[in-house]
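The values are calculated or read from the model by the stated rules, or taken from the named source; none is laboratory data. Bear in mind that the values here come from a model prediction, so they are computed numbers and not experimental data. All Cβ positions, glycine included, derive from the backbone under ideal geometry; neighbour counts span all protein chains shown.
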Amino acid sequence: MSKEVVLSIDIGGTLTKVGLVNREGKVLDKIVFKTDAQHQFSNFMDKLKLEVDTLIIKWIDVIHILSIGVGAPNANSYTGQIENPPNLKWGGVTPIKKIIEQTFDLPVSLANDANAAALGEMLYGTAKGMKNFIALTLGTGLGSGIIVDGKLLIGEHGTAGEIGHVNVDPAGRMCNCGLQGCLETYASVTGIKRTVFELMADRCEDSPLRKINFEEMTGTDISDAALKGDIIALTAFEKTGEILGSKMADTVAHLDPEAFILSGGLSKAGDILLKPIKRYMQKRLFNAYKGKIEVLLSNATSAEAVLGPAALAWLELDHLTHA
């Protein structure tokens, strides 16, 4: 008897990950390829078709694909479109749900990538058993998915939970979205790089980070330097933790979650980031919440990003079954 699976597609600004995932969250097989987001969407679809066909052919006799789950930046599950993504150069609006359904002749469930990641955490990850939590993905930008009473918070226009674009400083850093002072310009891999370069301009201490240019510097470079006691890197994490922790305290006042789950490149710094976040969040919390909100690191690896869209697909299949 063939194994029932969903095809999971996680579209990122840099990489796209595709996997075959069963109901229990086991990834039978997966592939990763460059999104090449600066090229036309038609180029991406040609590449996606080729990669998916290559993946499926190996399993053709043992699997039955029920549906497709797609997580993508600025994806709107109401309209089935990717709408004005700052890091994908595909134009204003891309009707991705319709195009993928037509290409593969399978039903598609679509969500913002951070929303999909939150569902993956709830079904298979660190948030298993939780009903009220917020997943923050700290990568190139800052994505967020909000689960309330076991359900994804989508909002009136399909775009709830853009915590990365709450304002930190009206006269602050310019954001790719066109606003000024957004949280993601401070609390993301890109944001902490900007903080490092500001610190290096303002301070005289020697640092191994001075030998790396902006484009080549990674979050891992900054984490490694901090672990070795580098004052520039440690100060950058302290500043990042202060800003993110303070804004998480604001979010607690709105939503009263049981936990924040952190994932993405910046979260790999572990306690170097976690400790200042917790300290500043506790400092800014309204008394009613003090000591009650957990801040946890996701136990998912970047390779397991396909679990988010897979969870989305399985939940939609279950909803249709019980409707």
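Does ALA236 satisfy the criteria of being buried (at least 22 other Cβ atoms within 10 Å of the Cβ) and in a loop (DSSP other than H, G, I, E, B)?
No.
Hey, can you tell me all the residues within segment 165-192 that are crowded, with 17+ Cβ neighbours inside 10 Å and more than 18 Å from the chain's Cα centre (by Cα)?
Listed by number, the residues that qualify are VAL168, ARG173, GLY181.
Condition (residue is within 24 Å of the chain's Cα centre (by Cα), under 15 Å from LYS268 (Cβ atoms) and not in a loop (DSSP other than H, G, I, E, B)) applied to segment 195-211: is it met by at least one residue?
So far as segment 195-211 goes, no, none of its residues is within 24 Å of the chain's Cα centre (by Cα), under 15 Å from LYS268 (Cβ atoms) and not in a loop (DSSP other than H, G, I, E, B).
How many of the residues making up segment 159-185 are in a loop (DSSP other than H, G, I, E, B) and under 18 Å from LEU255 (Cβ atoms)?
Total satisfying the criteria: 5.
Before we move on, is LEU274 buried (at least 18 other Cβ atoms within 10 Å of the Cβ), within 27 Å of GLY150 (Cα to Cα) and in the same structural domain as ASP202 (by TED's automatic domain parsing)?
So LEU274 passes the test.
Among all residue pairs at least 6 apart or on different chains, which show Cβ distances below 6 Å where the first residue, located in segment 29-40, is without any contact (Cβ under 8 Å) to a residue 24 or more places away in the chain and the second is surrounded by 15 or more Cβ atoms within 10 Å (Cβ to Cβ)?
Here the result reads PHE33/THR16; PHE33/GLU51, each pair linking segment 29-40 to a residue that is surrounded by 15 or more Cβ atoms within 10 Å (Cβ to Cβ).
Return the residue satisfying two criteria in turn: it lies in segment 2-17 and is under 13 Å from ASP113 (Cα atoms) and assigned to a strand (DSSP E or B), and of such residues it is modelled with the lowest pLDDT.
LEU15
For segment 62-147, list the strands (runs of 3 or more DSSP E) that sit wholly inside it and hold at least 2 residues that are crowded, with 24+ Cβ neighbours inside 10 Å and within 11 Å of the chain's Cα centre (by Cα); which are they?
Once the strands (runs of 3 or more DSSP E) in segment 62-147 are filtered for at least 2 residues that are crowded, with 24+ Cβ neighbours inside 10 Å and within 11 Å of the chain's Cα centre (by Cα), what remains is 63-72, 133-138.
Among the residues of segment 271-305, what is the count of those that are part of a helix (DSSP H, G or I) and in contact with a Leu (Cβ under 6 Å, 6 or more places away or on another chain)?
1
So which residues in segment 1-40 are polar (S, T, N, Q) and surrounded by 15 or more Cβ atoms within 10 Å (Cβ to Cβ)?
Step one: list which residues in segment 1-40 are polar (S, T, N, Q), which gives 2, 8, 14, 16, 22, 35, 38, 40.
Within segment 1-40, SER8, THR16, ASN22, THR35 meet the criteria.
Restricting the search to segment 285-323, which residues are among the β-branched types (Val, Ile, Thr), surrounded by 11 or more Cβ atoms within 10 Å (Cβ to Cβ) and over 14 Å from the mean Cα position of the chain (by Cα)? Walk me through it before giving the result.
Of all residues in segment 285-323, those among the β-branched types (Val, Ile, Thr) come to 293, 295, 301, 306, 321.
Subset that is surrounded by 11 or more Cβ atoms within 10 Å (Cβ to Cβ): 293, 295, 306.
Across segment 285-323, the qualifying residues are ILE293, VAL295.
Here's the yes/no breakdown for (1) in the same structural domain as GLU184 (by TED's automatic domain parsing); (2) among the β-branched types (Val, Ile, Thr); (3) in contact (Cβ under 8 Å) with a residue 60 or more places away in the chain:
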{"site": "GLU216", "(1), (2), (3)": "yes, no, no"}
{"site": "THR220", "(1), (2), (3)": "yes, yes, no"}
{"site": "LEU234", "(1), (2), (3)": "yes, no, no"}
{"site": "LYS239", "(1), (2), (3)": "yes, no, no"}
{"site": "SER246", "(1), (2), (3)": "yes, no, no"}
{"site": "ALA253", "(1), (2), (3)": "yes, no, no"}
{"site": "PRO257", "(1), (2), (3)": "yes, no, yes"}
{"site": "LEU262", "(1), (2), (3)": "yes, no, yes"}
{"site": "SER267", "(1), (2), (3)": "yes, no, yes"}
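Out of LEU110, LEU106, LEU123, which single residue is farther than 20 Å from GLY155 by Cα and in contact with a strand residue (DSSP E or B) (Cβ under 6 Å, 6 or more places away or on another chain)? Let's see the steps before the verdict.
Values: LEU110 fails: farther than 20 Å from GLY155 by Cα; LEU123 fails: in contact with a strand residue (DSSP E or B) (Cβ under 6 Å, 6 or more places away or on another chain).
LEU106 is the lone residue from the list that is farther than 20 Å from GLY155 by Cα and in contact with a strand residue (DSSP E or B) (Cβ under 6 Å, 6 or more places away or on another chain).
Out of the residues in segment 243-270 that are part of a helix (DSSP H, G or I) and at pLDDT below 95, which is farthest from the chain's Cα centre (by Cα)?
Applying the filter and picking the extreme gives ALA269.
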